[in-house]
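Structure, as structure tokens:
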Amino acid sequence: MRVLVTGGAGFIGGHLVDALRARGDSAVILDNFDPCSGDPARRAAAVAASGVPVVVADIRDEGAVLRALDGVDAVVHLAARAGVRESLSDPLLYESVNLRGTAVLVDALRRAGARPLVFASSSSVYGAGSGVFTEDHPADAPLSPYAATKRGGELLLHAAARGWGQPAVCLRFFTVYGPRQRGTMAIARFTAAALGGPPAPLYGDGSALRDYTEVSDAVSAVLAALAHPAPWGVYNVGSGAPIRLDALIALIGRLAGAPVRTVAAPSQAGDVPSTHAGLARVREGLGWQPQVRLDAGLQRVLDWARAETGR
């Protein structure tokens with residue numbers, strides 16, 4: 001199988017491309033190496049070293065998207081502006097990249113010929129709900145432009161699936177973490193703080209509940225979706241075992257053998273109080289379930305961070 005991975009030089013994308021190659025598939029990357037996803041030079045060097053073909057272009061460039069689609073059997077759409085808080089300060093950029101970019105890809109597939117598409121959505125579409133989120137939970141009250149664009153992407157793909165038969169599976173990822181994650185994410189910051197870096201901001205009182213997904217589990221969910229192409233589907237991808245933020249910080253400190261230094265910060269607009277992935281549908285529909293416990297995943301992050309920093 002030959003798979004186009006938009007955003008393939010990013011965090012999840014890079015791990016996915018590695019997994020595709022490891023199992024004997026081939027990949028094509030479309031990425032514009034935006035600094036928001038990490039150091040562009042470093043990511044470009046990693047892609048060049050892999051030998052994977054890359055189309056250096058913005059997801060909104062339909063001509064480039066059409067070129068990238070040539071000869072591929074399936075598409076994984078990861079290209080997006082990430083970040084709930086960041087989206088509050090630049091909603092037009094998020095609308096342009098995340099919504100228009102998805103529309104450009106969908107239209108390119110309509111013109112070039114439909115083939116299975118896996119879309120990286122987000123648990124943020126559920127808003128400020130509580131309890132276990134199932135795929136039937138309301139997703140009509142987003143708290144940030146980022147969340148709104150992810151829900152909008154789902155709706156665009158639903159329209160394409162019903163309108164002209166574009167197969168699409170949407171995966172609602174719950175807080176993906178792991179080695180090579182961008183340094184502004186919470187687990188990356190807490191890990192760095194435990195290893196002698198600057199104190200990490202602790203937003204709120206530490207009671208926020210989060211369902212964390214180790215990146216190899218996220219990748220295996222994408223591979224499961226590629227193996228089960230469907231006219232339409234929406235699935236949660238998480239651990240199903242949420243943890244309080246203060247308990248997460250304590251766990252990282254125990255694994256690191258050093259306390260995580262934090263600095264108090266007010267709760268942030270756009271943040272939700274709780275996420276908890278219901279996994280019944282993804283187990284039944286894709287035969288997928290998480291494999292990496294949180295303590296094991298955090299240990300992987302610590303080992304990687306130590307190798308990177310020498311601390």
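Every number in this text was worked out from the coordinates using simple rules, so none of it is lab data. From a predicted model like this one, the values you see are computed outputs, not experimental measurements. Here the Cβ is made from the backbone with ideal geometry for all residues, glycine too, and neighbour counts use every protein chain on show.
For region 3-105, applying the loop criterion from DSSP together with a ceiling of 12 other beta carbons within 10 Å to the chymotrypsin sites (Phe, Trp or Tyr not before Pro) yields no site.
Mean-square fluctuations from a GNM of the chain, with a 10 angstrom spring cutoff on Cα atoms, peak among ALA159, ALA147, ALA221 at ALA159. For Cα extents along the principal axes in Å, which listed value, [x] 54, 44, 38; [y] 62, 55, 38; [z] 53, 41, 38, comes from the coordinates shown? Among [x] 54, 44, 38; [y] 62, 55, 38; [z] 53, 41, 38, the one calculated here is [x].
Against the chain, whose longest principal axis is taken from its Cα atoms, helix 11-22 shows a tilt of about 60°. Taking the Cα centre of region 63-174 as origin, sum charge times position over the Cβ atoms of Lys and Arg (+1) and Asp and Glu (-1), and report the length of that vector in debye to the nearest 20. My answer is approximately 220 debye. Along region 286-296 the Karplus relation, 6.51 cos²θ - 1.76 cosθ + 1.60 evaluated at θ = phi - 60°, assigns HN-Hα couplings of 10, x, 10, 8, x, 10, 9, 5, 4, 5, 5 Hz to successive residues, with x for each Gly and Pro.
Charge dipole (Cα centre; +1 on Lys/Arg Cβ, -1 on Asp/Glu Cβ; no other charges) of region 197-270 amounts to roughly 160 debye. Cut-off 18 Å, label point 7 angstrom out along Cα-to-Cβ of ASP25: give me the residues of region 42-69 whose amide nitrogen falls inside. Hits in region 42-69 for ASP25 at 18 Å: 51-55, 68-69. In the elastic network of the chain, a GNM with C-alpha springs shorter than 10 Å, the most mobile of LEU226, LEU286, LEU255 is LEU255.
In plain terms, the chain from SER267 to ARG293 could stretch by 6.6 nm, reckoned as 0.36 nm per residue minus the Cα-Cα distance. Can you tell which of SER122, SER130, SER216 shows the greatest fluctuation in a Gaussian network model of the chain with Cα springs below 10 Å? With Cα springs under 10 Å in the chain, the top fluctuation among SER122, SER130, SER216 is at SER130.
Spin-label pair ALA258-ASP107: with each label point 7 Å from Cα along the Cα-Cβ axis, the two points sit 5.2 nm from one another.
Summing charges over all other residues whose Cβ lies under 13 Å from the Cβ of PRO40, with Lys and Arg as +1 and Asp and Glu as -1, gives 0. FRET efficiency for the pair ALA45 and ASP136, taken as 1/(1 + (r/R0)^6) with r the Cβ-Cβ distance and R0 = 45 Å, rounds to 0.55.
DSSP assigns beta bridges within the chain; of those with both partners inside it, close to 5 percent run antiparallel. Estimated from helices alone, the mean residue ellipticity of the chain at 222 nm is -12500 deg cm²/dmol (sum of -39500 (n - 2.57) over DSSP H runs with n ≥ 4, per residue).
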